[in-house]
1. Which of the lysines could a cross-linker bridge to A:Lys112, judged by Cα under 21 Å and excluding same-chain residues fewer than eight apart?
2. Per residue, what accessible area does region B:27-68 have, given a 1.4 Å probe and all protein chains present, in Å²?
3. Run through the DSSP bridge list for chain B and note the antiparallel percent, rounded to the nearest 5.
4. Starting from the amide H of B:Gly252, placed 1.01 Å from N in the peptide plane, find each other amide H under 5 Å away whose residue is 5 or more places distant or on another chain.
5. Probe radius 1.4 Å, ligands and nucleic acids ignored: give me the carbon and sulfur share of the accessible area of chain B as a rounded percent.
6. From other protein chains only, count the Cβ atoms within 10 Å of every residue's Cβ in B:275-286, then give the mean.
7. Other chains near B:201-214: what is the mean number of their Cβ atoms within 10 Å of each residue's Cβ?
8. Considering only DSSP states other than H, G, I, E and B, which GluC sites (Glu not before Pro) in region B:164-216 qualify as loop sites with at most 14 other Cβ atoms within 10 Å?
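The values are calculated or read from the model by the stated rules, or taken from the named source; none is laboratory data. This one's a predicted model, so the numbers in the text were calculated from it and none came from an experiment. We place every Cβ from the backbone using ideal geometry, glycine too, and count neighbours over all the protein chains shown. Each accessible area value is taken on the protein alone, full model and side chains, heavy atoms only, with ligands, DNA and RNA left out. Shrake-Rupley method; radii C 1.70, N 1.55, O 1.52, S 1.80 Å.
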Amino acid sequence: MNELGLIVGLSVFAVVAFLLVHLVWFLRHVKKNTQASAAASPDSTPAASADSDTIDSEQAASVGATVTDEPQASTTRRGVRAFMRGNYPEAFNLLQPAAEGGNLKAQQLLAKMYFAGHGVDQDREQYLYWLQRCAENGDKPARAKLKKLRAATG
Amino acid sequence: MARLQQGMRNLDIELTNRCNALCTFCPRDKTPEQGFMPFETFTKTIERALELDVTPKVHSAGQGEPTLHPRFADIVDHVSSKGLEYGFTTNGSLLTEELSRRVLDSSVEHICFSISDLGEDYEEVYALSFDTTRANILRFLDMNEAAGNPVRTQVSLVAHDLNREKLADYQAFWSEAGISEFCHFEQTNRGGACDIGLYFVDNQRHSEDARRILQENGLTHVCVVPFVMLFVGWNGQYYLCCNDYRKLTPLGSVFDHSIEAMDVIKKAKFFEQEIPAACLNCDLDTTNIVREVLFEIEAGEAPPGRLQEKTAELIARQQHYPDFVLAEPVA
């Protein structure tokens, strides 16, 4: 009986310790996120939340980069991230407004989602629509694909 | 100066950064100037390779399609005349019967076919005709087999959203066609030229923390890639890395610098006040690797233990670094 009590006691202790460790980690995470949200715009990613550390647009332009302190840019980044991880419904929700707003990367990914049926029903019309938007936005591959598709359909 | 360990160097000679494909995962359109490497620049680069005590493996991949080069056949012949083992990466769409024969008559040691998709997906991703590419590759494989397989063939597969579930089928397709080597790659952000949704890009947050973490773990911030994957652009300039798609960091010409002299110049780049532009947004950069983990922990996407796992991974990787990379820079 004593042995059983010891085993039960140790098991309970292990479970409680496990829960405590994760609770502490969770609380720290919540605290950090709350602080980050308070400091940043509601839509910004962690990457975009510290204005003081973000490179300025001149520096960014010098290396061909874009500064991500605009809410839309950060939403797009999260959308791209979701897309890369195969979280397509989330990617779609994040990318669609950016695509409508003219963001080329978001438009390219939306075209792919309609082409492949990622997170949406496969839809050739929508695929061609977004390909057209990409082409109008200066996307060379989209132009080439449209040209080829038009040639194929006469 | 401690020499680099034997057999660890590859020299990528970019014959061109032009390409007939428009792959969705390739940021080649970010390249500001496009052109073909002059033949004299190629022969000079080969001279530079032969100056080294240990000749590196010479390969042409770069940022374009090597077979587009108007003197590609002469290039292949030149390498043969120097007795060098040479290989190239191609999308296969221009590998005509004539070019295939020329390649088989030369000392080309290997060809890597960059073909990550089949059928309609291939046409969507590469914007090339799949039938042409398939016919070219199958014909080359037949000719190679008839010649006793002098050329080692491999297929490079870059995982992306359309093919992730189909890679095993694609590999089976090419295996059946006679290819036995496969290189699987995940997409990288190509020196920041590709947006793959990484948090650290375009900002400098967590840089100090990351540098401190590297130091505490005895990790160097010097990237190994510029020293083991040597890269010469089509214009004859050495660059830190083939991922410098925007050609942001030209380091000097092959006509002015030997590869060993360039090692010293490259090493010094990592100890300048400013981070080399080519590395600033690169996901292969060690500091950026740690920064990304810090962002993921901050976002609640990874547990804090992830940092320890990543540093352990980096420590294990660093054990394979050449001595030169780990040594203090030459003053």
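1. A:Lys112 reaches A:Lys140, A:Lys145, A:Lys147, A:Lys148, B:Lys30, B:Lys166.
2. For region B:27-68, the solvent-accessible area averages 42 Å² per residue.
3. Expressed as a percentage, antiparallel bridges in chain B total about 20.
4. The answer is B:Tyr238.
5. In chain B, the share of accessible area belonging to carbon and sulfur is 49 percent.
6. Averaged over the peptide's residues, the number is 2.
7. Partner Cβ neighbours, averaged per residue: 4.
8. Here the GluC sites (Glu not before Pro) that fit, given the DSSP loop and packing criteria, are B:Glu165.
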